[in-house]
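J.: Below is the structure I would like to discuss, written out as C-alpha cells.
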Ligand code: NDP
Ligand code: 2IT
C-alpha cells in the first residue's frame, strides 16, 4: 500500500472501530476486505467520494428481537434473535440463520458483510444478510426446537419475503429447523412462497442443496489444485467439523480419490489413518443427522480411529485442509502446524475459519489458500437456484443442479484469478475474491444513487 492508500485505510478502519465498539469479528472481516480493495478505491476516486465501502460496512437494516419460548419442563426461556440486512443492491437479502450459543451482533454483522461479497461472486442476483439466535439447539428435544423456531419466525416473518429477504440454514439450522420455520411462516402469511431455502424436496426444496456447500468447496479446490497440475487423487485430506458442510466436503473429497482422515466437533477430533469410505460416511450421516450424536462415537465404532478430546486436527500431516466448522478455528499455531505437516492447499468451507495471522502464514508459505467467501459459495449459489426453481414452479434434476454448481464454482475461481493474479503468476485468492465481489456491489451502488 502506498502512503495515501494507507492513510485512507487507517482512517476508514479507525471509524469502523469507533462506530462498532467491541465487535471484533466484524472488524476482522471488514479489515480484510478493506485491505484488498483500498488500492482500487484510491484509483477510482468517485468510489471514495461516494463512500461506497463506508456504506456497505453500515448494514441497511438490523433487526434485534426477543424470542420467548417454553421448554419441556414448562420453564420460560428467553433468547435474542437477529437479522442483519447488509445490502440489497444486487438482489433480495439472502443468507443463512445460525443457532449457536456464541451468536452475538458482531458475529451476525461479520457474516452478513461477508455474505454480501460472496453472493455477488455467485453471479446470481442476491443481496447479503445473516440472522440467528444465541439459542443452543444441543440437547433440546424436537418439540423444544419447534417451539423455538415458531417463536423466532413469529417476529422474523414481517421482515422477510421472497422478494425482500430469503433466509436459509447455517450452524445449528438444517432441514429440521427450516421445516419448522417455513411451516410457521406459511401459516402467518397464508401463502406458499420460496421465502426460505434449504426446504424439503417435496415442499419446494432443490435437489443437491444439502450437498452444495461441501461439493462446491471440492469443485473449487479442484480448480485451485489444477493451477499447480494437481488434483484430489491420492491426497490426504484433513476436514474439521462434522456438520452439513464437513460431511459433504468429506464425501466429495473421498469420491474424488482422496483419503479423508479427520472430522471434528467442538469437543475434539477423530483421526482415522485408513481414511473414510462409503460405509463409514453412511455411519457419520446417521450419527450426526439422525441421532445427533458426537464425533467421538466414531472412534468407538471404528477402533482403528483415534479420538483426541479438546484438540483441533491441524497437527495431522496432510496435503489438503478443508476447515468446515466455524470462524477463527485456525490460529497462527494451527496454520504453522499445517505447513509443518506438509499441507499444500487450504480451502475454507466455513466462514472466516482462519485468523489473519493464520492467513499470513499460508501466504508466506506460498501454498494455495482460498477464503470462504469464494470456496464455500456453492451453498448460497444453490439456494439461488432453489429460488429460481420456486419462481418458475419447477424442479430441476440433480444433474442439472450439479452442472450449474460446477459452472458457478468455476466462474468464481476464474474471477479470483482475474482479480487476484500476482506479478509472479501466483493467485492471491483473498484479493481476487474481495475485489471481484466489491466491484460488482460498488458499481451497482453507483448506478442506483445515494441510498
Ligand atoms: P452445522 O451446524 O451443520 O455443523 C457445524 C459443525 O462445526 C459441527 O460439527 C460443530 O460442532 C462445529 N462447530 C460449530 N461451532 C464450533 C465451535 N465454536 N468450535 C468448534 N466446532 C464448532 O453447520 P454447517 O456445517 O452448516 O456450517 C459450518 C460452517 O460452514 C459455518 O462457518 C457456516 O457459516 C459455514 N457455511 C455453511 C453453509 C451452509 O450451507 N450450511 C454455507 C456456507 C458456509 P458441535 O456439534 O460441537 O457444535
Ligand atoms: O454462509 C452461507 O453462505 C450460508 N450459510 C448459506 C446461505 C444461504 O442462503 O444458502
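Coordinate-derived values only; no laboratory data. The structure displayed is predicted, hence computed values, not measured ones. For neighbour counting, all protein chains shown are included, and Cβ atoms are generated from backbone atoms with ideal geometry for every residue, glycine included.
J.: If r is the Cβ-Cβ distance from residue 395 to residue 19 and R0 is 41 Å, what FRET efficiency results, to the nearest 0.05?
T.: E(calc), rounded to 0.05, equals 0.35.
J.: Take every Cα pair under 8 Å in the range 67-162 that's 6+ residues apart, average their separations, divide by the length, and report that relative contact order as a whole percent.
T.: In percent, rounded to a whole number, it is 36.
J.: Taking only C-alpha pairs under 8 Å that are 6+ residues apart, what is the relative contact order of the range 270-361 in percent?
T.: It rounds to 27 percent for the range 270-361.
J.: Based on the alpha-carbon gyration tensor of the range 1-133 and its eigenvalue square roots a ≥ b ≥ c, which shape applies: rounded if a/c is under 1.5, prolate if not and a/b is larger than b/c, or oblate?
T.: Prolate, because a/c is 1.5 or more and a/b exceeds b/c.
J.: Of the beta bridges DSSP finds with both residues in the range 64-177, what % are antiparallel, to the nearest 5?
T.: 70 percent
J.: Now a separate question. Can you pull the one-decimal nm distance between simple spin-label points at residue 136 and residue 163, each 7 Å off the Cα toward Cβ?
T.: Here the answer is 4.3 nm between the modelled labels.
J.: Shifting gears a bit: Just report the Cα centroid separation between the range 18-66 and the range 356-419, whole Å.
T.: Between the Cα centres of the range 18-66 and the range 356-419 lies a distance of 23 Å.
J.: Compute the FRET efficiency between residue 301 and residue 101 as 1/(1 + (r/R0)^6), taking r as their Cβ-Cβ distance and R0 = 25 Å, and round to the nearest 0.05.
T.: Here the calculated transfer efficiency is 0.35.
J.: Moving to a separate point now. Calculate the translational D of the range 304-451 in whole µm² s⁻¹ from Stokes-Einstein, where the hydrodynamic radius comes from the Kirkwood formula applied to all Cα pairs, the temperature is 20 °C and the viscosity 1.002 mPa s.
T.: The diffusion coefficient I find is 124 µm²/s.
J.: Where the centroid of each part is defined by its Cα atoms, how far is the range 131-174 from the range 188-222 in Å?
T.: Here the answer is 16 Å between Cα centres.
J.: Turning to a different aspect of this structure: Can you give the FRET efficiency to the nearest 0.05 for residue 291 and residue 46, using r as the Cβ-Cβ distance and R₀ = 56 Å?
T.: Between residue 291 and residue 46 the formula returns 0.50.
J.: Ok, one more. What ranking do 116, 236, 195 get, fewest neighbouring Cβ atoms within 10 angstrom at the top?
T.: 236, 195, 116
J.: OK, next. Helix-derived [θ] at 222 nm for the chain: sum -39500 (n - 2.57) over DSSP H runs of at least 4, divide by residue count, nearest 500?
T.: -15000 deg cm²/dmol
J.: By its C-alpha gyration tensor, with a ≥ b ≥ c as the square roots of the eigenvalues, how is the range 319-358 shaped: rounded for a/c under 1.5, else prolate for a/b larger than b/c, else oblate?
T.: Oblate, since a/c reaches 1.5 and b/c is not below a/b.
J.: What translational diffusion coefficient, to the nearest whole µm²/s, does the range 295-344 have by Stokes-Einstein, given a Kirkwood radius computed over alpha-carbon pairs, a temperature of 10 °C and 1.306 mPa s viscosity?
T.: Answer from the Stokes-Einstein relation: 132 µm²/s.
J.: Going by a ≥ b ≥ c, the root eigenvalues of the Cα gyration tensor, does the range 94-194 fall in the rounded group (a/c under 1.5), the prolate group (a/b larger than b/c) or the oblate group?
T.: In terms of gyration-tensor shape, oblate.
J.: Can you put 422, 348, 144, 54 in order of Cβ neighbours within 10 angstrom, beginning with the fewest?
T.: 422, 54, 144, 348
J.: Can you tell me the relative contact order of the chain? Whole percent, Cα pairs under 8 Å, sequence separation 6 or more.
T.: 15 percent
J.: Right, another one. Can you put 416, 318 in order, fewest other beta carbons within 10 Å first?
T.: Listed from fewest to most nearby Cβ atoms, that is 318, 416.
J.: Relative to the present Cα-Cα distance, how much length would full extension add between residue 70 and residue 360 at 0.36 nm per residue of separation?
T.: 99.8 nm
J.: For the range 234-299, what are Rg and Dmax over the alpha carbons, in angstrom?
T.: My reading of the Cα-based Rg and Dmax gives 10.6, 32 Å.
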